[in-house]
Number of protein chains: 2
Amino acid sequence: MAVNRRFTLVSRPDGAPRPSDFRLVEEAVPVIGEGECLIRNHYISIDPAIRTWLNQEDTYMPAIAVGDALRASTLGVVEASNHPRLKVGDWVQGLNRIEDYSVCGPDGANGRVDVSRVPSPSAFLSVAGGTGLTAWFAVEEELQPKAGQMLLVSGAAGAVGSIIGQLARGRGARVVGIAGGPAKCARLVERYGYDAAVDYKGKDVDALRAAIAQACPDGVDLLFENVGGICLDAALLNINQGGLVVVCGLISEYNGEPYGTRQLIRLLMHSVAMRGYVLPKYAARLGEGRKALIDLVARGELVYDEHVEEGMENVLPAFMRLFDGSNEGKMVVKLV
Amino acid sequence: MAVNRRFTLVSRPDGAPRPSDFRLVEEAVPVIGEGECLIRNHYISIDPAIRTWLNQEDTYMPAIAVGDALRASTLGVVEASNHPRLKVGDWVQGLNRIEDYSVCGPDGANGRVDVSRVPSPSAFLSVAGGTGLTAWFAVEEELQPKAGQMLLVSGAAGAVGSIIGQLARGRGARVVGIAGGPAKCARLVERYGYDAAVDYKGKDVDALRAAIAQACPDGVDLLFENVGGICLDAALLNINQGGLVVVCGLISEYNGEPYGTRQLIRLLMHSVAMRGYVLPKYAARLGEGRKALIDLVARGELVYDEHVEEGMENVLPAFMRLFDGSNEGKMVVKLV
């Protein structure tokens, strides 16, 4: 008999997640009722945001309950259906539990996707998924970089950052990325459209400040922040009068005692605005963004990378890679 | 022969300003040339912002040069004039050096003020000066508190905060202030229009968080920040989804190693915007704000307090009071 494996939260992580915080449980595959369909999940999107949902407190999303399966963006195929709109064989994408089989009711948030125009269905979890869409609306709406402006991006080799560089450069801005290590820095310039890269590895805040100043000699007009910690302080030390900081992630702070940002005074002294940004802000416009991104990929004007691990047993190792930076591309776990 | 005393910067303060960082120098009273007038300064506005101009780096204002006199908003009377618009006997307000006599050229930034409608000319350095105007445009433009919203103000008993509470309450918002000690807290509620006060003295960030939560049981929609440090962190821990933080000052961080703000993640998790705000943003509209504030005072709808010290030799003690919180009202030094 087929089983449904679910990746569940046993205890809330105190700092970095440990294997003992999670358990893979096996249940019977659910039986669908009136108006429901059964989705076989093929791909699981592994994102830093998942870490922020493991804490006690609700954020822009409800916290994951202890004992429940973790939540992720997933891509799957409808295997059985009493659903009014979704048919057997449809590829569907939605926010579901991390499990082999998910049930979607008539008002559920899984939507049909057309996998015929993308290189792999998994594109709906990467360039045409949450991270690509986050980059799209960041550039189109939040940052709106103009020709001649300097945009600095931290976590630039990551799933969002790698798209940001290409989109922003397409608008004529100068784009500098911060990443860890020479290989990632080379990829920023050679593959992701960045004008220059700054390697944060081995640098303290003063050295990083100086390296950013060298790459951005006229200062930073726009900062797209994914990391926090000394990256953010060093960037703020280079920000121009009237600058804008869009905070999309603070991955260096998710697992432990926050570093403590010391340069907020730059907001005051240089009339800088800083705002948190998460994709649900543009929930009503995701289709528009997805179409634009797929068109760019189809025309060969946008490249993207996926780091695919296989099997439910690799969900945790894949998740942990996000925090040591060892993933190379958008992290996805392939189940089928 | 009359002398011109000037309060000059001898060395840039490293941390808290010390007497040895400054020197009172005496020079001859300047002789005016073509198109200039000579202003006898009667009042000097002593503001925390002056501390931020003593550092090496230019901000929204040029840094004060070592050897030059400090800069302040001053109020004086024209004593001699070749100026095309300013006549002997005119009261004028402007950004000048801290000195007995200032010279204003034909394009200078001193403007005539009508002292007949205010209780004391010094009102043009307090309620109708930079601090009152900062509060006015904060409430009218930056915060725009609406009925039913919760506005939290740190440094609420200060020159700006004491006006903010009254103006915001006039718009129907609920307003809670943070101040140091029971006397200031009582004044917030009894005199400055606050619905409730939170005393930060003796509290760590957890205790302050809890005290704010008690005063703001439905959370904080708008935060007007003047202090930084644990006040800001404790406030951010109470901020609501979609909240707004206007940073007008970070006085706890001006004199030393910044505390390091640990709760920036709240910006991300609750889609909060935070921006630095300084009055020059509204430079073109100061007359409009000044008129509105003077009208409110004249109608008895706005109270304000001044803490007046006398004599050039008390500029430094007056300045230092801003950092230990021992001033009671807008700090002004009266020279004449």
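All conditions but one from (1) surrounded by fewer than 20 Cβ atoms within 10 Å (Cβ to Cβ); (2) of a type in the set (A, V, I, L, M, F, W, C); (3) more than 8 Å from chain A (Cβ to nearest Cβ) apply to B:A273; the one that does not is (3).
What number of residues within the range A:152-178 are in contact with a strand residue (DSSP E or B) (Cβ under 6 Å, 6 or more places away or on another chain) and either within 23 Å of A:A318 (Cα to Cα) or assigned to a helix (DSSP H, G or I) (or both)? Quick ask: steps written out before the conclusion?
To start, the set of residues in the range A:152-178 that are in contact with a strand residue (DSSP E or B) (Cβ under 6 Å, 6 or more places away or on another chain) comprises A:152-154, A:156-157, A:159, A:161, A:164-165, A:168-169, A:173-178.
Narrowing further to those that are either within 23 Å of A:A318 (Cα to Cα) or assigned to a helix (DSSP H, G or I) (or both): A:154, A:156-157, A:159, A:161, A:164-165, A:168-169, A:178.
Counting residues in the range A:152-178 that are in contact with a strand residue (DSSP E or B) (Cβ under 6 Å, 6 or more places away or on another chain) and either within 23 Å of A:A318 (Cα to Cα) or assigned to a helix (DSSP H, G or I) (or both) gives 10.
Against the numbered list (1) of a type outside the set (V, I, T); (2) modelled with pLDDT under 95; (3) closer than 23 Å to A:D47 by Cβ, A:R171 comes up short only at (3). When you scan the range A:43-52, do you find a residue that is under 28 Å from A:S326 (Cα atoms), modelled with pLDDT of 95 or more and in a loop (DSSP other than H, G, I, E, B), even just one? Yes, that holds for at least one residue. With respect to (1) among the aliphatic types (A, V, I, L, M); (2) in contact with an Asp or Glu (Cβ under 8 Å, 6 or more places away or on another chain); (3) surrounded by 15 or more Cβ atoms within 10 Å (Cβ to Cβ); (4) closer than 19 Å to B:V315 by Cα, the lone exception for B:V3 is condition (3). The number of residues in the range A:154-174 being touching a Leu at 6+ places or on another chain (Cβ under 8 Å) and more than 24 Å from A:K291 (Cα to Cα) comes to 2.
Based on this model, can you work out whether B:A213 counts as aliphatic (A, V, I, L, M), out of contact with any strand residue (DSSP E or B) (no Cβ under 7 Å at 6 or more places or on another chain) and free of Cβ contacts under 8 Å to residues at least 40 places away in the same chain? Before the answer, list the steps.
Working: aliphatic (A, V, I, L, M): yes; out of contact with any strand residue (DSSP E or B) (no Cβ under 7 Å at 6 or more places or on another chain): yes; free of Cβ contacts under 8 Å to residues at least 40 places away in the same chain: yes.
When the stated conditions are applied, B:A213 passes them.
The set of residues in the range A:205-232 that are within 14 Å of chain B (Cβ to nearest Cβ), surrounded by fewer than 22 Cβ atoms within 10 Å (Cβ to Cβ) and either among the hydrophobic types (A, V, I, L, M, F, W, C) or in contact with a Phe, Trp or Tyr (Cβ under 9 Å, 6 or more places away or on another chain) (or both) comprises A:V205, A:A213, A:G229, A:I230. B:E79 meets the conditions (1) under 19 Å from B:D100 (Cβ atoms); (2) outside any strand (DSSP E or B) in every case but one. The failed one is (2).
How many residues are in contact with an Asp or Glu (Cβ under 6 Å, 6 or more places away or on another chain) and assigned to a strand (DSSP E or B) if we restrict to the range B:311-336? Spell out the reasoning first.
Keep residues of the range B:311-336 that are in contact with an Asp or Glu (Cβ under 6 Å, 6 or more places away or on another chain), which gives B:318, B:329-330, B:332-334.
Retained after the next criterion (residues that are assigned to a strand (DSSP E or B)): B:330, B:332-334.
Final tally of qualifying residues: 4.
Given the options B:I50, B:I39, name the one that is β-branched (V, I, T), touching a residue at least 60 places away in the same chain (Cβ under 8 Å) and within 14 Å of chain A (Cβ to nearest Cβ). Write out each step before concluding.
Values: B:I39 fails: within 14 Å of chain A (Cβ to nearest Cβ).
Exactly one of B:I50, B:I39 is β-branched (V, I, T), touching a residue at least 60 places away in the same chain (Cβ under 8 Å) and within 14 Å of chain A (Cβ to nearest Cβ), namely B:I50.
Considering only residues in the range A:242-261 that are assigned to a loop (DSSP other than H, G, I, E, B) and either of a type in the set (S, T, N, Q) or within 16 Å of A:E57 (Cβ to Cβ) (or both), the one that is farthest from the other protein chains (Cβ to nearest Cβ) turns out to be A:N255.
The values are calculated or read from the model by the stated rules, or taken from the named source; none is laboratory data. Please read these numbers as outputs of a predicted model, since none were measured by experiment. Cβ sites come from the backbone with ideal geometry, for glycine too, and all protein chains shown count toward neighbours.
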